Amino acid sequence: MKTICSFILFILATTVSWGQSTGLSGGGDLNPDLKAPAEAQSKWQDMRIGLSVHWGPSSLGGKEIGWSRGDIIPVEEYDTFYKKFNPSKFDADQWCRLMKRWGIRYVSPTAKHHDGFSLWFSDYSPYTMEHAALPIDIMAELKKACDKHDIVLGAYYSNIDWFHPDWAPYGHGGPGKLFEKQNDSPNLERYFKYMENQVSELITKYDLAFIQFDGEWDPTYTHEIGSRMYRRFHEVKPDILLSTRIDIGRRMAGANNHIELDGEKYAGDFQDRERLVRRQNNITKWCDHPWQAWVTIDKRQWSYNPNPQLMDAHELIKDLVNVVGCNGNYMINLGPSPEGDFAPSQIALMDSLGIWLHKHAETIYGTRGGPYYPFEGGVSTRKGKKAWIFITDNRLETITLPALSQKIRSAKDFETGKKIKMNLKDGWTTFTLPKASKTNPIRVIQLTFREKVQMQPDKPETLQKQQENEKAEGYY
């Protein structure tokens, strides 16, 4: 039987018990005095479900944002998409109404991807929405709507910029023509000042709660630059959360490794586990450091695809549950059309997720993983005096888990409220499961306790080592 371990995260290290500080967040060795407020990190974890939006003029090409420039789509064509970009169906209020329906608590649009285009009216760039065919400040519209609907706004920002003449090395077609190229271009110091200005502008103009960075894998980007950026943006807003890709910790740990970072040296406040669905969730460790699985529901690409291969609803719900049960957030990526709306097939899929999330909201939002470590066939979450066991394998009729240090007052089927039979013997608890249903991807058992639920103190030996399927698969 295929182990669930191929879909989950495991404990950070054998010497760290869950709930203790893992030392994975903060300013690193160059900013040892600097750290995001724990309250901001906790609030971010409480939200649990986010939405990523890969979007911009590149959607007119129907290929991957940034990466298709110069390789699949000629630079001359790609760089003029903005002149035709007319997102007449974009309605930030409607986006937020959909997000509420889908159970989304925070959103992160691609403010600037590797192609250099800015999704807002930037004072530092001529290559922005201000000069698009339909000039709409996407970030401003989203900020207004998010505040109205109580959705937290963040942004994605690429550290690198293939369009800017001061970035080096040039890639994917070389620099664009809108910036004035100076005699000493490329000039990295001037580029990094540009990056500082743009990100500071984003934070200040739109009061962002967090930023996802990308491009730290390029060798031009250094630990010193990342540490400088970390300090600068925390100076702009002390409680801003910056992903660990503000620094090069992931690059130094290995391309496929988003958890086993050296947090004593490298900066960052939360981690992104970026993946296309087909790559599985095959990282190796499980910890209480803030992290999210950043997943695109199109198994082929992140941005608009006229012919997507979508996850199905059961696959999406199981994937989300496995991540949240491993103490992670789940960020779902969609690629809107060039007009600015979402495809009916994507809306239908997200509606299915939203129905499940609203029914099971208590078991997801504001929870932490545990009290049980992930086991073959499921995971668990906990909040207050309750815990929930999620059974993701419909073949199971019983599960046997280590006895907890706290006595379980009751166990019931979350769906029906019917009592679940428990048998405690020799330090193990066996639960008799409700019958599986083909229409319900997850069976949920609700446990109640007399006190606040604590993490199971004994980590199974099977979680002490890496799994055979955990292989590096390169950057993407």
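Nothing in this text is a laboratory measurement; each read-out follows from the coordinates by a stated rule. This structure is a prediction, so every number in the text was calculated from the model and none was measured. We place every Cβ from the backbone using ideal geometry, glycine too, and count neighbours over all the protein chains shown.
Please give the Cα centre distance for the stretch 83-162 versus the stretch 386-414, rounded to the nearest Å. Cα centroid to Cα centroid, the span is 42 Å. Over the C-alpha atoms of the stretch 58-201, the Rg to Rh ratio, Rh being the Kirkwood estimate, stands at 0.99. Taking other C-beta atoms within 10 Å as the exposure proxy, F431, F375 rank F431, F375 from fewest upward. Projecting the Cα atoms of F431, G377, T416 onto the charge dipole of the stretch 371-454 (Cβ charges, centred on the Cα centre) puts T416 farthest toward the positive pole. The packing ranking of peptides 152-162, 355-365, 293-303, highest mean first, is 152-162, 293-303, 355-365, where packing means the average number of other beta carbon atoms within 10 angstrom of each residue. Among G176, S158, P109, whose Cα sits farthest toward the positive end of the charge dipole of the stretch 56-206 (+1 at Cβ of Lys/Arg, -1 at Cβ of Asp/Glu, about the Cα centre)? Checking the options against the dipole of the stretch 56-206, the answer is P109. When the GluC sites (Glu not before Pro) in the stretch 178-241 are filtered for DSSP coil states and for at most 10 other beta-carbon atoms within 10 Å of their beta-carbon, the remaining sites are E180.
Would you mind checking the pairs K100/K205; K425/K452; K35/K63 and listing those with alpha carbons more than 30 angstrom apart? Pairs exceeding 30 Å: K35/K63.
Sorted largest first, the spans of the alpha carbon positions of the stretch 371-454 along the three principal axes are 35, 26, 21 Å. Distance from a point 7 Å along Cα→Cβ of E415 to each backbone N in the stretch 358-373: keep the residues under 13 Å and list them by number. Correct set: 360. Computed on the stretch 4-364, with alpha-carbon pairs under 8 angstrom and 6+ residues apart, the relative contact order is 26 percent. Name the chymotrypsin sites (Phe, Trp or Tyr not before Pro) in the stretch 199-253 that are in a loop by DSSP and that have at most 16 other C-beta atoms within 10 Å, would you? Here the sparse-neighbourhood loop sites are W217. Under the convention that each Lys and Arg Cβ holds +1 and each Asp and Glu Cβ holds -1, the size of the dipole of the stretch 131-207 around its Cα centre is about 160 debye. Only Cα pairs under 8 Å and 6+ residues apart enter the sum, and on that basis the relative contact order of the stretch 371-454 stands at 39 percent. Between the Cα long axis of helix 188-206 and the first principal axis of the chain there is an angle of about 60°, rounded to the nearest 10. Here the stretch 371-454 is treated with +1 on each Lys and Arg Cβ and -1 on each Asp and Glu Cβ, and its dipole about the Cα centre works out to around 440 debye. Calculated mean residue ellipticity at 222 nm for the chain: -7000 deg cm²/dmol, from DSSP H runs with n ≥ 4 weighted as -39500 (n - 2.57), summed, divided by the residue count and rounded to 500. Positive-end ranking of L119, A361, Q406 along the dipole of the chain, with charges on Cβ about the Cα centre, is headed by Q406. Given 10 Å bins starting at zero, what is the percent of C-alpha pairs of the stretch 4-364 in each, up to the one with the largest pair distance? Calculated over all Cα pairs of the stretch 4-364, the distribution is 5, 26, 36, 26, 7, 1, 0 percent. When +1 charges are put on Lys and Arg Cβ atoms and -1 charges on Asp and Glu Cβ atoms, the dipole computed for the chain relative to its Cα centre reaches about 2380 debye. Please sort by residue number the trypsin sites (Lys or Arg not before Pro) in the stretch 141-204 whose DSSP state is loop and whose Cβ has at most 15 other Cβ atoms within 10 Å. Passing sites in the stretch 141-204 are K177, K181.
Sorted ascending by nearby beta carbons within 10 Å, beginning with the fewest, T110, T244, T430 become T430, T110, T244.
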